[in-house]
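K.L.:
I have a structure I would like to understand better, so I am pasting it below and will then ask my questions one at a time.
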Amino acid sequence: MGDPRVPIKSPLVPVIWALGSAALAYLLMGQTQKSLLEIGVWAILLAEASLVSLPASSGNRLSLAFAVSAALPFVLTSGGAVDLAAAGAASAMGLLGTWMFRTLRSDPAEEVMAAVLRHGFGVAAYLVVFAGVESIADSIPVPDGSTDWVHLVGFAVAASLWFLIETSLWAFMVFGRNRLSRRYLWLLAVKDWTVVLSLLTTGALFGFAWAELGFWAIVIAGIPYGFAHLAFYRYQESRRTYGQTIRALSRIPEVAGLSPKGHSDRTSGMAIEVGQDLGMTPDEVTDLQYSALMHDIGRITLNEPSILKMGFTDEDIARWGAEIVAEAPYLSHVATLVSQQHQPYRRPGEERDLELPMASKIIKATSAYDHATMELGFSPLEALEVLHRGAAYDFDPDVVQAVRRALERRGVVPA
Amino acid sequence: MHGAKRRKIQIAALYSLLGGTVLAVLMWRQTFPPLALWLAFATAFAFFDWRSVEVNDRMLMSPTVMVALTAAVAFGPGTAALGVAAMAALGAFSADDFRQRRWFQPIANFGQLVVAAGVSVFILEWFLERALSSTGDTFWLWIAGGSAVAATVYGLINYTFVTVAVRAVFEKRDLRPWSNLGQLLPSYLLMGFVGGLLGATYTVLPVVLPLVFVMFIVGYLSFASYGQLREAHEATLRGFIKALEAKDLYTRGHTERVAYFSQLVGEEMGFTGTRLERLRWAALIHDVGKLAVPRDLIRKKGRLTEDEYEELQVHAHVVEEILAEVEFLRPMVEIASSHHSHFDGGGYGGVGHTHGAKPSPEACILAVADAFDAMTSTRSYRMALSQDYAFSELRRNAGSQFDPEVIEALYRALERTTERYGSPHLASEDEARRLAEGRPVTSHG
């Protein structure tokens, strides 16, 4: 159920839900042999399940509604075949219920609408393809007793299509972040395939077992799901911890007073936005995030008074930093990115350096931007001007453009 | 060394003979299950057997027993024991063993797995026959209950074989890491129950099998990445501390050694799992605060002034606060920051210390490990002292500054490993200081 602390904002929401469901029920009459009660129970289950979610690799949360929807064509059958009308009605009512519950829970309206629409299209395709495979199998001679296997094939095809539709809609039908790279968003959504796969498979498992074994289905689908759930949960938790530790370590030079407070954090925040804008893959963005956090770790070396006295260059900072990061065996490519952060993208009289990693160029520009705004007291527009002026050699013009777009999205410079 | 090799051969011969006998008897009494079905299960069994994953705090788990029992129920009485024993025989030989030319492990495993699988499934068959003559929920309960019993037997046989082999081959080795039978049995019981249930489902609804496989493989892969990430996390922290510490000649390797001593004492005092891990992590971060302190302050030979001491404390505390923002590290930071507080409640303590209260056992261990390493390694102001001197000094302060139990645990652990730390003879603080001042200190870390 929704969070009990949130008061119901508008009595209109349940009224709309009731009217919508009544309209569906009216349309349904005569189309199906299933009782309204049965369809209603599945619809309520679907709506309730949408409130329970688990974390996925992309940072999105995926709800159990995937599992319930996947089970619908298995549990709503008449005469051995999918009752498309009943399954469709249950999905529609369930999605309406999802919309109602989540609105009452004060989830952002845009997000709720987008989720309901995505799910609506996805489930519709799933149900139609599932029934389609079944009817094709009816028209060709298949051996007796293989209905289950036909359903398995139907499920596999339909579920793949559903996943494709969900991820594409998530990446392309977006509100508010329409200037981020589509490639990045789509790849991010696809990273969740393991979680989606396990949710859909749980639904199918439950559906098969429910028809044959009744309530034992809960145990048979529940235990494998519990195992997978624990695995996802643990993985996400340690991913978060890993990120937190890297962030904490990156602040040691700042605490020691050897680099400006908050610089690495702000640089990495801006770098992520620029990387996403430029169409990096999610894994590349993670490396970028870590290397931006770590780009000044080499400054801890300045703790040694004799070194401070001798003087140092940006190249020294980059090298020392890379040496420290390289001690962590799993961060070797982050070390490479850190070691190149000071390099200009082009030298006088030469072509641009194609070997230089994008991440290093992004760190150079975003770090300079933060330095200009926070240390030199420039306004965002003036700082951007600094980057533009340096675009001949120091800062890659593509990166500078992406920084400008990121600042526009943040609303600190006019579009 | 020669004796160990002979005992290895004896164990391998005995185990493979037992395994071979069980296999031969089963081949004579039973028929082989349908080959396609057997291959499907054998693949799954081998997959899980060759790579176990970390489920929680170094607890390794591999769902092989579940696969074995699902297969047993699916094969049915009259074929199950032979089918599963053959799977186990196959699972014992992994590509890694051949690549590394290990012969003892796979041969001993062969005997162990075949006997465990053959005997436990043979017991299960008795339950299966009962199940087949009943209907409804009784059918399910017979199968699932029987599988739970069989899994327990499987676990016990495995455990016995491992214990016997370890005791015979590595006579001196500590058996404690294998002695967590109490922790393992419930998971065997559960996996057996689930395995039986899935097998029973297969007999009425074969289509669920691929779906269940998909679920377990997806979960399994996630657990594998989780284990890798945990390893990366620790390696990252370790690497950073090592790199930052290496800047200073005198503290180089200090953290690594303190972590090692803490681990030794923790194991000696019977810590396991999460607790041991927390101790190791606390040791790893116990000196992180110093990294933010200017070197000349740390290296200063004379007494620190009030202001300098203040500065040192402030730096150290800020770093501790930053690390405490990482939820996972918070309990470790508390231990680490109270490692200067005394056993009797005195000392200056840290965030996790209230004056007059006894510090946690973990903090006591860390305090002893830290002091021991400080005395047995060379510092800017004095040479390393001998191990005997360090222990007599620790014992002199036992009960007031240090926990006597911890000191003795460290003593016993080092006796057992026969490792020696510190200089071989230096037994006086004054002499060590004089030596350090008399000539420039050379250290090779």
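The values are calculated or read from the model by the stated rules, or taken from the named source; none is laboratory data. Everything quoted here is computed from the prediction, not taken from an experiment. Backbone-built Cβ (ideal geometry, glycine too); neighbour counts: all protein chains shown.
Per-residue answers, yes or no, for (1) within 20 Å of B:E320 (Cα to Cα); (2) surrounded by fewer than 18 Cβ atoms within 10 Å (Cβ to Cβ):
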{"position": "B:R230", "(1), (2)": "no, no"}
{"position": "B:L237", "(1), (2)": "yes, no"}
{"position": "B:E245", "(1), (2)": "yes, no"}
{"position": "B:E256", "(1), (2)": "yes, yes"}
{"position": "B:T272", "(1), (2)": "no, yes"}
{"position": "B:R278", "(1), (2)": "yes, no"}
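K.L.:
Every residue in segment B:184-210 that is assigned to a helix (DSSP H, G or I), surrounded by fewer than 22 Cβ atoms within 10 Å (Cβ to Cβ) and not small (G, A, S), please.
P.N.:
Residues satisfying the conditions are B:L184, B:L185, B:P186, B:L189, B:L190, B:Y202, B:T203, B:V204, B:L209, B:P210.
K.L.:
What is the residue count in segment A:74-94 for residues that are more than 23 Å from A:W17 (Cα to Cα) and touching a strand residue (DSSP E or B) at 6+ places or on another chain (Cβ under 8 Å)?
P.N.:
1
K.L.:
Which pairs have Cβ atoms under 7 Å, sit 6 or more apart or on different chains, and link a residue in segment B:268-296 that is more than 13 Å from every other protein chain (Cβ to nearest Cβ) to one that is part of a helix (DSSP H, G or I) and of a type in the set (D, E)?
P.N.:
The qualifying pairs are B:L276/B:E267; B:R278/B:E362; B:L279/B:E362; B:A282/B:E362; B:H286/B:D370.
K.L.:
For segment A:145-165, indicate whether the set of residues that are surrounded by fewer than 20 Cβ atoms within 10 Å (Cβ to Cβ), modelled with pLDDT under 90 and under 30 Å from A:R405 (Cβ atoms) is non-empty.
P.N.:
Scanning segment A:145-165, I find no residue that is surrounded by fewer than 20 Cβ atoms within 10 Å (Cβ to Cβ), modelled with pLDDT under 90 and under 30 Å from A:R405 (Cβ atoms), so the answer is no.
K.L.:
Please indicate, with yes or no, whether at least one residue in segment A:313-326 is in contact with a Leu (Cβ under 8 Å, 6 or more places away or on another chain) and either among the charged types (D, E, K, R) or within 14 Å of chain B (Cβ to nearest Cβ) (or both). Lay out the reasoning, then the answer.
P.N.:
Just the residues of segment A:313-326 that are in contact with a Leu (Cβ under 8 Å, 6 or more places away or on another chain), to begin with: A:324-325.
With either among the charged types (D, E, K, R) or within 14 Å of chain B (Cβ to nearest Cβ) (or both) added as a condition, the list becomes A:324-325.
Within segment A:313-326, one or more residues are in contact with a Leu (Cβ under 8 Å, 6 or more places away or on another chain) and either among the charged types (D, E, K, R) or within 14 Å of chain B (Cβ to nearest Cβ) (or both).
K.L.:
Sticking with this one: Does B:Q112 satisfy being in contact (Cβ under 8 Å) with a residue 40 or more places away in the chain and either farther than 24 Å from B:L69 by Cβ or surrounded by 17 or more Cβ atoms within 10 Å (Cβ to Cβ) (or both)? Spell out the reasoning first.
P.N.:
Numbers: in contact (Cβ under 8 Å) with a residue 40 or more places away in the chain: yes; either farther than 24 Å from B:L69 by Cβ or surrounded by 17 or more Cβ atoms within 10 Å (Cβ to Cβ) (or both): yes.
For B:Q112, the condition - in contact (Cβ under 8 Å) with a residue 40 or more places away in the chain and either farther than 24 Å from B:L69 by Cβ or surrounded by 17 or more Cβ atoms within 10 Å (Cβ to Cβ) (or both) - is met.
K.L.:
Here's something else I'd like to know. Within 14 Å of another protein chain (Cβ to nearest Cβ) and either on the phi > 0 side of the Ramachandran plot or in contact with a Ser or Thr (Cβ under 7 Å, 6 or more places away or on another chain) (or both): does that describe A:G279?
P.N.:
Values: within 14 Å of another protein chain (Cβ to nearest Cβ): no; either on the phi > 0 side of the Ramachandran plot or in contact with a Ser or Thr (Cβ under 7 Å, 6 or more places away or on another chain) (or both): yes.
So A:G279 fails the test.
K.L.:
What is the residue count in segment A:28-58 for residues that are outside any strand (DSSP E or B) and in contact (Cβ under 8 Å) with a residue 24 or more places away in the chain? Walk me through how you get there before you give the answer.
P.N.:
Of segment A:28-58, the ones outside any strand (DSSP E or B) are A:28-52, A:56-58.
Applying the additional criterion that residues be in contact (Cβ under 8 Å) with a residue 24 or more places away in the chain yields A:28, A:31-34, A:38-40, A:42-48, A:50-51, A:56-58.
So the answer is 20.
Okay, residues lined up against (1) surrounded by fewer than 17 Cβ atoms within 10 Å (Cβ to Cβ); (2) in contact with a strand residue (DSSP E or B) (Cβ under 7 Å, 6 or more places away or on another chain); (3) at the interface with chain B (Cβ under 7 Å from one of its Cβ atoms):
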{"residue": "A:L199", "(1), (2), (3)": "no, yes, no"}
{"residue": "A:L205", "(1), (2), (3)": "no, no, yes"}
{"residue": "A:F208", "(1), (2), (3)": "no, no, yes"}
{"residue": "A:F215", "(1), (2), (3)": "yes, no, no"}
{"residue": "A:T245", "(1), (2), (3)": "no, no, yes"}
{"residue": "A:R251", "(1), (2), (3)": "no, no, yes"}
{"residue": "A:V255", "(1), (2), (3)": "no, no, yes"}
{"residue": "A:L258", "(1), (2), (3)": "no, no, no"}
{"residue": "A:A271", "(1), (2), (3)": "no, no, no"}
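K.L.:
While we're looking at this one, here's another question. So which residues in segment A:218-241 are more than 8 Å from chain B (Cβ to nearest Cβ) and buried (at least 23 other Cβ atoms within 10 Å of the Cβ)?
P.N.:
Selection gives A:A221 alone.
K.L.:
Next question, about the same structure. Given the condition at the interface with chain B (Cβ under 10 Å from one of its Cβ atoms) and either surrounded by 18 or more Cβ atoms within 10 Å (Cβ to Cβ) or at pLDDT 90 or above (or both), answer yes or no: does some residue in segment A:179-191 qualify? Spell out the reasoning first.
P.N.:
First, pick out the residues of segment A:179-191 that are at the interface with chain B (Cβ under 10 Å from one of its Cβ atoms): none.
No, the conditions are met nowhere in segment A:179-191.
K.L.:
If you take the residues in segment B:207-218 that are out of contact with any Asp or Glu (no Cβ under 6 Å at 6 or more places or on another chain) and within 14 Å of A:A217 (Cα to Cα), which one is farthest from the other protein chains (Cβ to nearest Cβ)?
P.N.:
Going residue by residue through segment B:207-218, those that are out of contact with any Asp or Glu (no Cβ under 6 Å at 6 or more places or on another chain) are B:208-218.
Then keep just the ones that are within 14 Å of A:A217 (Cα to Cα); that gives B:208-209, B:211-212.
Details: B:V208: 6, B:L209: 10, B:L211: 5, B:V212: 5 Å.
Selected residue: B:L209.
K.L.:
Take segment A:325-383 and flag every residue that is closer than 30 Å to B:L244 by Cβ, surrounded by 18 or more Cβ atoms within 10 Å (Cβ to Cβ) and hydroxyl-bearing (S, T, Y).
P.N.:
Within segment A:325-383, A:S339, A:S360, A:T366, A:S367, A:Y369, A:T373 meet the criteria.
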